[in-house]
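Colleague: Here it is, the structure in full.
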Amino acid sequence: ELHEFKLKKAFIARPGWKIVNADQSQLELRIAGAVSGEEKFIKSYKNNIDMHSRNAWVSFGLNIDTSTWVAEAIAKGFPKGSEEHQVYVERAACKFIKNNYPDERQAAKSVSFGILYGMGEFSLADDLKISMARAKEYIKSYLDSYPAIEKYLEDVAKEAKEQGYVTTMLGRRRY
């Protein structure tokens, strides 16, 4: 199996040249948060929380024991219930998910991007090799957790049906 990093090492720059790799860092999710006004997305990005890990937690209902991080946050002087406390705990949990649940995090990417690009339960089930019922549950969990994303997607679909097109932020029509 060809690993991403092994593939990158196969390319060598000419002497005096450099190869640059640019990651868009979850750009589609950032845009989705901005255009929908989804506060959970916006707060996550403002607080440097990994959205793929957060979405794995949300979509798959990962049972993560946060008690250690809650205690750490209090010890650091973040009052329980404060935004600083919540951010500390969520950041730690998402780091834990990234390191301990790589398959779920990868699957969360399929859920997140799939929903944003209009993937239904049939395609998600096929992509993740799960039942359609399970795929439907994942989609429901995701959309229940992010109501502004769900509303935005519904509004765009409604606009497309009514007008035969939607417009981009810069006014371009997409039929």
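Colleague: Lysines near Lys136 by alpha-carbon distance under 16 Å, same-chain residues fewer than 8 away left out - which ones?
Modeller: Here the lysines satisfying the reach criterion relative to Lys136 are Lys109.
Colleague: Still on this model: Please work out how much length the chain gains when fully extended from Glu159 to Arg173, using 0.36 nm per residue of separation minus the C-alpha to C-alpha distance, in nm with one decimal.
Modeller: 3.9 nm
Colleague: Let me ask something else. How compact is the chain by the rule of thumb for globular proteins, expressed as Cα Rg over 2.2 N^0.38 Å?
Modeller: Ratio of Cα Rg to 2.2 N^0.38 Å: 1.23.
Colleague: Under 13 Å Cα-Cα from Lys158, which aspartates and glutamates qualify once same-chain neighbours fewer than 8 residues away are excluded?
Modeller: Glu150
Colleague: Please compute the Kirkwood hydrodynamic radius of the range 34-87 from all pairs of different C-alpha atoms, in Å with one decimal.
Modeller: Hydrodynamic radius (Kirkwood, Cα only) of the range 34-87 equals 12.5 Å.
Colleague: Ignoring any ligand, DNA or RNA, what whole percent of the accessible area of the range 83-169 comes from carbon and sulfur when the probe is 1.4 angstrom?
Modeller: Using a 1.4 Å probe with all protein chains present, the range 83-169 comes out at 51 percent carbon and sulfur.
Colleague: Taking a ≥ b ≥ c as the square roots of the eigenvalues of the Cα gyration tensor of the range 84-175, is the shape rounded (a/c under 1.5), prolate (a/b larger than b/c) or oblate?
Modeller: Because a/c hits 1.5 or more and a/b fails to exceed b/c, the range 84-175 counts as oblate.
Colleague: Taking Lys43 as the anchor, which aspartates and glutamates have their alpha carbon closer than 14 Å to its alpha carbon, excluding any fewer than eight residues away along the same chain?
Modeller: Glu83, Glu84, Glu90
Colleague: How much accessible area per residue does the chain have, counting only protein heavy atoms and a probe of 1.4 Å, in square angstrom?
Modeller: The answer is 69 Å² per residue.
Colleague: Relative contact order of the chain, please, whole-number percent, based on alpha carbon pairs below 8 angstrom and at least 6 residues apart.
Modeller: Answer for the chain is 21 percent.
Colleague: Using a basic spin-label model with each label point 7 Å from the Cα along Cα→Cβ, how many nm lie between Lys76 and Lys8?
Modeller: Result: 2.7 nm between the two label points.
Colleague: Calculated from DSSP H runs of 4 or more alone, at -39500 (n - 2.57) each and per residue, what is the 222 nm mean residue ellipticity of the chain, nearest 500?
Modeller: -20000 deg cm²/dmol
Colleague: Expressed in nm to one decimal, what extension gain is obtained for the pair Asp144 and Val35 from 0.36 nm per residue of sequence separation less their Cα-Cα distance?
Modeller: Roughly 37.4 nm would be gained on extension.
The values are calculated or read from the model by the stated rules, or taken from the named source; none is laboratory data. Everything numeric here is computed off the predicted structure, so don't read it as measured data. Every residue, glycine as well, gets a Cβ built from its backbone with ideal geometry; the counts of neighbours run over all protein chains shown. Areas reflect the complete protein model, heavy atoms only, side chains present, ligands, DNA and RNA absent. Shrake-Rupley method; radii C 1.70, N 1.55, O 1.52, S 1.80 Å.
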